[in-house]
1. Let me know the whole percent of all Cα-Cα pairs from the stretch 135-231 that are separated by more than 16 Å.
2. How much accessible surface does Ser61 have with a 1.4 Å probe, in Å² rounded to 10?
3. Just the number, please: percent antiparallel of the DSSP beta bridges in the chain, rounded to the nearest 5.
4. Which one of Met180, Gln106, Ile18 is farthest out on the positive end of the charge dipole of the chain, using unit charges on Cβ (Lys, Arg +1; Asp, Glu -1) and the Cα centre as origin?
5. Summing +1 for each Lys or Arg and -1 for each Asp or Glu, what net charge is found among the other residues whose Cβ lies under 12 Å from the Cβ of Tyr192?
6. Run the numbers on the chain and let me know its relative contact order in percent, using alpha-carbon pairs under 8 Å that are six or more apart.
7. Pop out the ³J(HN,Hα) list for the stretch 199-207 in order, Karplus 6.51 cos²θ - 1.76 cosθ + 1.60 with θ = phi - 60°, rounded to Hz; leave Gly and Pro as x.
8. Compute the helix-to-body angle for 220-231: its Cα long axis versus the longest principal axis of the chain, expressed 0 to 90° and rounded to tens.
Amino acid sequence: MGFNKFAVIGVGKYGSNIARRLAEKGAQVFAFDNNEEKIENIKDDVAFAVTLNSTDFKILSSQKLEEMDAAVVAIGENFEATVLTAVHLMDLGVKRIIARANGADQRLILEKIGIKEILTPEDEVAFVIREKLLNPSILSFLQLSEEYEIAEIKPPKGTLNRTIEDIDFRNKYQLTLVTMRREYDIKKKGQYEVEQHVIGVPKGDTVIESRDTLVVFGTAKHVQRFIDVNES
(Lines give C-alpha, C1' and ligand atoms only; values in the text may rest on other atoms or scores of the structure.)
Protein backbone atom coordinates (compact mmCIF):
# COMPACT_ATOMS: atom_id res chain seq x y z
CA MET A 1 0.00 0.00 0.00
CA GLY A 2 2.99 2.28 0.43
CA PHE A 3 3.97 4.82 3.03
CA ASN A 4 1.38 7.57 3.45
CA LYS A 5 1.56 11.05 4.96
CA PHE A 6 -1.68 12.73 5.99
CA ALA A 7 -2.59 16.01 7.63
CA VAL A 8 -5.67 16.12 9.84
CA ILE A 9 -6.74 19.68 10.60
CA GLY A 10 -9.15 19.84 13.51
CA VAL A 11 -8.69 17.08 16.06
CA GLY A 12 -11.83 17.17 18.12
CA LYS A 13 -13.67 13.91 18.70
CA TYR A 14 -14.18 13.29 14.98
CA GLY A 15 -10.79 14.42 13.64
CA SER A 16 -8.78 12.74 16.39
CA ASN A 17 -10.57 9.45 15.71
CA ILE A 18 -9.60 9.64 12.03
CA ALA A 19 -6.01 10.57 12.95
CA ARG A 20 -5.65 7.64 15.34
CA ARG A 21 -7.16 5.16 12.89
CA LEU A 22 -4.74 6.27 10.18
CA ALA A 23 -1.79 6.02 12.56
CA GLU A 24 -2.87 2.50 13.56
CA LYS A 25 -2.54 1.49 9.91
CA GLY A 26 1.04 2.78 9.78
CA ALA A 27 0.41 6.15 8.15
CA GLN A 28 2.46 9.18 9.16
CA VAL A 29 -0.12 11.57 10.58
CA PHE A 30 0.36 15.30 11.15
CA ALA A 31 -2.33 16.73 13.45
CA PHE A 32 -3.20 20.43 13.67
CA ASP A 33 -5.68 22.34 15.82
CA ASN A 34 -5.94 25.80 17.35
CA ASN A 35 -6.84 24.24 20.70
CA GLU A 36 -3.76 23.34 22.73
CA GLU A 37 -5.62 20.83 24.92
CA LYS A 38 -6.77 18.84 21.86
CA ILE A 39 -3.19 18.73 20.56
CA GLU A 40 -1.97 17.51 23.96
CA ASN A 41 -4.54 14.69 23.81
CA ILE A 42 -3.42 13.49 20.36
CA LYS A 43 0.33 14.12 20.35
CA ASP A 44 1.37 10.68 21.64
CA ASP A 45 -0.69 8.87 19.00
CA VAL A 46 0.55 10.60 15.84
CA ALA A 47 3.88 11.46 14.21
CA PHE A 48 3.54 15.21 14.67
CA ALA A 49 1.05 17.49 16.45
CA VAL A 50 1.10 21.27 16.61
CA THR A 51 -1.19 24.04 17.80
CA LEU A 52 -1.88 26.54 15.04
CA ASN A 53 -4.60 28.63 13.42
CA SER A 54 -5.24 27.02 10.04
CA THR A 55 -7.04 30.11 8.72
CA ASP A 56 -3.72 31.99 8.77
CA PHE A 57 -2.15 31.31 5.37
CA LYS A 58 1.36 32.29 6.40
CA ILE A 59 1.35 29.89 9.36
CA LEU A 60 -0.21 27.08 7.35
CA SER A 61 2.26 27.49 4.49
CA SER A 62 5.17 26.90 6.90
CA GLN A 63 4.03 23.28 7.53
CA LYS A 64 4.96 21.87 4.06
CA LEU A 65 1.47 20.50 3.56
CA GLU A 66 2.04 20.26 -0.19
CA GLU A 67 4.18 17.19 0.60
CA MET A 68 1.19 15.33 2.10
CA ASP A 69 -0.72 12.63 0.24
CA ALA A 70 -3.93 14.19 1.52
CA ALA A 71 -5.29 16.68 4.03
CA VAL A 72 -8.53 16.19 5.97
CA VAL A 73 -10.28 19.35 7.17
CA ALA A 74 -12.31 18.11 10.14
CA ILE A 75 -12.89 21.38 11.98
CA GLY A 76 -16.64 20.84 12.21
CA GLU A 77 -17.84 23.53 14.62
CA ASN A 78 -16.63 26.52 12.56
CA PHE A 79 -17.60 26.31 8.91
CA GLU A 80 -15.97 29.64 8.03
CA ALA A 81 -12.68 28.21 9.26
CA THR A 82 -13.29 25.06 7.19
CA VAL A 83 -13.77 27.11 4.01
CA LEU A 84 -10.75 29.34 4.61
CA THR A 85 -8.54 26.37 5.45
CA ALA A 86 -9.69 24.48 2.36
CA VAL A 87 -8.96 27.49 0.13
CA HIS A 88 -5.48 27.85 1.66
CA LEU A 89 -4.77 24.15 1.07
CA MET A 90 -5.80 24.52 -2.57
CA ASP A 91 -3.50 27.53 -2.92
CA LEU A 92 -0.66 25.51 -1.40
CA GLY A 93 -1.13 22.77 -4.00
CA VAL A 94 -2.13 19.96 -1.65
CA LYS A 95 -2.79 16.90 -3.87
CA ARG A 96 -5.98 15.72 -2.21
CA ILE A 97 -8.28 17.69 0.09
CA ILE A 98 -11.18 16.17 1.99
CA ALA A 99 -13.44 18.51 3.95
CA ARG A 100 -16.33 18.05 6.33
CA ALA A 101 -19.79 19.48 5.64
CA ASN A 102 -22.82 19.53 7.91
CA GLY A 103 -25.83 19.66 5.63
CA ALA A 104 -26.60 20.40 1.98
CA ASP A 105 -25.80 24.14 2.14
CA GLN A 106 -22.28 23.56 3.43
CA ARG A 107 -21.74 20.80 0.86
CA LEU A 108 -22.81 23.18 -1.93
CA ILE A 109 -20.39 25.89 -0.77
CA LEU A 110 -17.48 23.44 -0.62
CA GLU A 111 -18.33 22.15 -4.09
CA LYS A 112 -18.44 25.73 -5.43
CA ILE A 113 -14.93 26.49 -4.18
CA GLY A 114 -13.65 23.32 -5.86
CA ILE A 115 -13.53 20.67 -3.12
CA LYS A 116 -14.32 17.32 -4.75
CA GLU A 117 -14.27 15.03 -1.69
CA ILE A 118 -16.72 16.02 1.01
CA LEU A 119 -17.52 14.18 4.23
CA THR A 120 -21.11 14.27 5.43
CA PRO A 121 -22.61 13.05 8.73
CA GLU A 122 -23.45 9.70 7.09
CA ASP A 123 -19.72 9.11 6.53
CA GLU A 124 -18.69 9.78 10.09
CA VAL A 125 -17.30 6.39 10.96
CA ALA A 126 -13.55 6.67 11.29
CA PHE A 127 -12.64 3.32 9.76
CA VAL A 128 -14.62 4.22 6.61
CA ILE A 129 -12.66 7.45 6.22
CA ARG A 130 -9.41 5.64 6.97
CA GLU A 131 -9.98 3.07 4.22
CA LYS A 132 -10.96 5.74 1.69
CA LEU A 133 -7.81 7.71 2.48
CA LEU A 134 -5.39 4.82 2.46
CA ASN A 135 -6.82 3.37 -0.74
CA PRO A 136 -8.42 5.82 -3.20
CA SER A 137 -9.53 2.83 -5.33
CA ILE A 138 -12.08 1.96 -2.63
CA LEU A 139 -15.09 4.21 -3.19
CA SER A 140 -17.05 2.93 -0.19
CA PHE A 141 -17.48 -0.22 1.81
CA LEU A 142 -19.63 -1.96 4.37
CA GLN A 143 -17.72 -3.77 7.10
CA LEU A 144 -19.62 -6.96 7.97
CA SER A 145 -17.21 -8.26 10.60
CA GLU A 146 -13.60 -7.73 11.65
CA GLU A 147 -12.54 -9.63 8.52
CA TYR A 148 -15.22 -9.42 5.82
CA GLU A 149 -16.52 -6.45 3.87
CA ILE A 150 -18.49 -5.49 0.80
CA ALA A 151 -16.44 -2.91 -1.08
CA GLU A 152 -17.20 -0.67 -4.05
CA ILE A 153 -13.98 -0.21 -6.00
CA LYS A 154 -12.75 1.40 -9.19
CA PRO A 155 -11.57 -1.24 -11.66
CA PRO A 156 -7.78 -1.56 -11.33
CA LYS A 157 -6.05 -0.86 -14.66
CA GLY A 158 -5.04 -4.53 -15.06
CA THR A 159 -8.71 -5.55 -15.22
CA LEU A 160 -9.80 -3.15 -17.95
CA ASN A 161 -11.08 -4.64 -21.22
CA ARG A 162 -10.98 -8.14 -19.72
CA THR A 163 -13.93 -10.42 -19.10
CA ILE A 164 -15.07 -11.46 -15.63
CA GLU A 165 -14.39 -15.08 -16.56
CA ASP A 166 -10.80 -14.23 -17.50
CA ILE A 167 -10.16 -12.34 -14.25
CA ASP A 168 -11.56 -15.24 -12.19
CA PHE A 169 -12.35 -13.33 -9.01
CA ARG A 170 -13.22 -16.38 -6.91
CA ASN A 171 -10.33 -18.74 -7.68
CA LYS A 172 -7.50 -16.21 -8.17
CA TYR A 173 -8.46 -13.66 -5.51
CA GLN A 174 -10.94 -15.37 -3.14
CA LEU A 175 -13.49 -12.63 -3.91
CA THR A 176 -17.10 -12.71 -5.05
CA LEU A 177 -18.16 -10.13 -7.62
CA VAL A 178 -21.62 -9.21 -6.31
CA THR A 179 -22.63 -6.75 -9.03
CA MET A 180 -21.38 -3.90 -11.21
CA ARG A 181 -22.52 -0.35 -11.89
CA ARG A 182 -21.83 1.26 -15.25
CA GLU A 183 -21.85 4.96 -16.13
CA TYR A 184 -23.52 6.15 -19.30
CA ASP A 185 -23.80 9.60 -20.89
CA ILE A 186 -27.51 10.19 -21.54
CA LYS A 187 -28.66 13.12 -23.70
CA LYS A 188 -31.52 15.03 -22.09
CA LYS A 189 -32.90 18.31 -23.42
CA GLY A 190 -29.83 18.86 -25.56
CA GLN A 191 -27.35 18.20 -22.75
CA TYR A 192 -25.50 15.11 -21.66
CA GLU A 193 -25.98 13.83 -18.12
CA VAL A 194 -24.18 10.96 -16.44
CA GLU A 195 -26.39 8.11 -15.25
CA GLN A 196 -25.43 4.90 -13.47
CA HIS A 197 -27.10 1.58 -14.13
CA VAL A 198 -26.73 -1.59 -12.09
CA ILE A 199 -25.76 -4.49 -14.36
CA GLY A 200 -27.21 -7.03 -11.93
CA VAL A 201 -25.44 -10.38 -11.64
CA PRO A 202 -22.63 -10.00 -14.18
CA LYS A 203 -22.12 -12.81 -16.70
CA GLY A 204 -18.75 -14.38 -17.38
CA ASP A 205 -18.45 -12.69 -20.79
CA THR A 206 -19.10 -9.18 -19.36
CA VAL A 207 -16.14 -6.93 -20.20
CA ILE A 208 -14.97 -4.49 -17.50
CA GLU A 209 -14.80 -0.85 -18.60
CA SER A 210 -13.03 2.16 -17.06
CA ARG A 211 -16.30 3.81 -15.94
CA ASP A 212 -17.55 0.73 -14.11
CA THR A 213 -17.79 0.29 -10.35
CA LEU A 214 -17.14 -3.22 -9.03
CA VAL A 215 -18.97 -4.39 -5.91
CA VAL A 216 -17.00 -7.24 -4.34
CA PHE A 217 -17.33 -9.37 -1.23
CA GLY A 218 -14.37 -10.82 0.67
CA THR A 219 -11.83 -10.09 3.36
CA ALA A 220 -10.16 -6.68 3.48
CA LYS A 221 -6.85 -8.45 2.86
CA HIS A 222 -8.10 -10.08 -0.34
CA VAL A 223 -9.70 -6.86 -1.61
CA GLN A 224 -6.39 -5.07 -1.11
CA ARG A 225 -4.43 -7.87 -2.81
CA PHE A 226 -6.78 -7.75 -5.83
CA ILE A 227 -6.19 -4.00 -6.18
CA ASP A 228 -2.43 -4.21 -5.66
CA VAL A 229 -1.88 -7.10 -8.12
CA ASN A 230 -3.89 -5.45 -10.88
CA GLU A 231 -2.53 -1.92 -10.40
CA SER A 232 1.12 -2.98 -10.57
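The values are calculated or read from the model by the stated rules, or taken from the named source; none is laboratory data. What you see is a predicted model, and the numbers here were worked out from it, not measured in a lab. Note: ideal-geometry Cβ built from the backbone for every residue, glycine included; neighbour counts use all protein chains shown. For accessibility, only protein heavy atoms count, side chains too; no ligands or nucleic acids. Shrake-Rupley method; radii C 1.70, N 1.55, O 1.52, S 1.80 Å.
1. The proportion of pairs with Cα distances above 16 Å equals 55 percent.
2. 50
3. Working: 27 of 46 bridges.
Bridges in the chain that DSSP calls antiparallel: roughly 60 percent.
4. Met180
5. Values: positive: Lys187, Lys188, Lys189; negative: Glu183, Asp185, Glu193, Glu195.
Net of charged neighbours comes to -1.
6. Details: 432 pairs, mean separation 34.0, N = 232.
With pairs under 8 Å counted, the relative contact order is 15 percent.
7. 6, x, 8, x, 8, x, 8, 5, 9
8. That works out to roughly 80 degrees.
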